[in-house]
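Heads up, the thing below is written out as structure tokens.
Please treat every number below as a calculation from the coordinates, not as lab data. In this text the structure is predicted, and so the values were computed from the model without any measurement. Ideal geometry is used to build each Cβ from the backbone, glycine not excepted, and the neighbour counts take in all protein chains shown.
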Amino acid sequence: MTHATGTTYLKPGVLPHMWCAGCGIGTMLGAMLRAFEELRLGRSDTVVVTGIGCTGKLDDYLVTNALHTTHGRALAYATGIKAFRPALKVVVVMGDGDGVTIGGNHFIHAARRNIDLTAIVLNNLNYGMTGGQASATSPSASITSTTAYGNPEREFDICALAEAAGANHVARTTTWHGWELQQTIREALTRTGFSLVEVMSPCPTQYGRRNDMQETAAMLLDLRDRAVPVERYRALAPAERGRCFPVGTLVDRREPGFVERYAQVQARAAQGH
Ligand SMILES: Cc1ncc(C[n+]2csc(CCOP(=O)(O)OP(=O)(O)O)c2C)c(N)n1
């Protein structure tokens, strides 16, 4: 049996990649491309849409269709693509700044529409590319370049946000969990409606060094120790949860997605009633 390598979708001659040592974006890219390969996605039937940021640079490495959009607006572009060409597989890859900070409004409405996209948000807890500023997922009290004495804000739970807004499918994993990461993305790619994968990932250069995790290994071990399978997490009393977070499939709804609903509206419009 041959194992997926993902290289089918990798642009020749692009390695080594641009990301810092210890960054999880390359791990996530590899897992996503292996998932593409397992599902035999056609290069020209697949569109990867990105925003701006370290995560948003990911489309540089691909031979699929790709669209590098503006910061926070990747989901808006992707919505247009999917509505106009529903047969395309549209995958949107964003950082936490892109996806739920500047892009928070688009995120809420993409989930509310239940539009048939696979959205992957790499959550490295800060704006990595521009110098480690606080984003909407920087934990309370964390130190970032804009919160030198501790973040006074509270953070978003991206998965809870997607669930509340109406997404069909919501999952979380980490870049420590390489195999699960691949399988989680693969599963999300097969769903109809809005499908979110939150990928918890280290940013040693900007976030780790300011928060007592200078070494990449310390950040990965922290993710390993805090990630608890969702069934086990739900059985814990709130006081026992501490800094842990649930991983696995958090929401699994089978409601009709936007593509199906929109086709019904188009059919009614064609009949004139
Ligand atoms: C409208 C707009 N505002 C701000 C910026 C500057 N900017 C570029 S990348 C970035 C942060 C990206 O952070 P995130 O989305 O979390 O991705 P990461 O770099 O951490 O992967 C910002 C603020 C921009 N390019 N466009």
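Tabulated results
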{"quantity": "Surface/4 of the Cα convex hull for the range 9-75, nm²", "calculated": "4.6 nm²"}
{"quantity": "Modelled FRET efficiency - R0 25 Å, THR249 with ASP225, Cβ distances, 0.05 increments", "calculated": "0.75"}
{"quantity": "Qualifying trypsin sites (Lys or Arg not before Pro) in the range 145-194, DSSP loop, other Cβ atoms within 10 Å at most 15", "calculated": "ARG154"}
{"quantity": "Mean Cβ neighbour count within 10 Å, used as a protection proxy, ranking 51-62, 256-267 highest first", "calculated": "51-62, 256-267"}
{"quantity": "Cβ-based charge dipole, the range 19-271, positive-most Cα from THR50, ALA31, ALA263", "calculated": "ALA263"}
{"quantity": "Separation in nanometres of the label points that stand 7 Å from Cα toward Cβ, at ALA148 and CYS20", "calculated": "1.8 nm"}
{"quantity": "Antiparallel DSSP beta bridges within the range 19-271, percent to nearest 5", "calculated": "15 percent"}
{"quantity": "Computed over the range 19-271: relative contact order in percent, which uses C-alpha pairs under 8 Å that are six or more apart", "calculated": "19 percent"}
{"quantity": "Nearest-ten-degree value, helix 178-189 long axis tilted from longest Cα axis of the chain", "calculated": "30 degrees"}
{"quantity": "The range 209-273 versus the range 68-112: alpha-carbon centroid distance in Å", "calculated": "16 Å"}
{"quantity": "Rg and Dmax [Cα atoms of the range 19-271; Å; Rg one decimal, Dmax integer]", "calculated": "17.7, 64"}
{"quantity": "Only Lys, Arg (+1) and Asp, Glu (-1) charged, at Cβ; the range 19-271 dipole about Cα centre in debye", "calculated": "560 debye"}
{"quantity": "In Hz, Karplus ³J(HN,Hα) per residue of the range 19-31 (6.51, -1.76, 1.60; θ = phi - 60°; x = Gly, Pro)", "calculated": "6, 4, 4, x, 5, x, 5, x, 4, 5, 4, x, 5"}
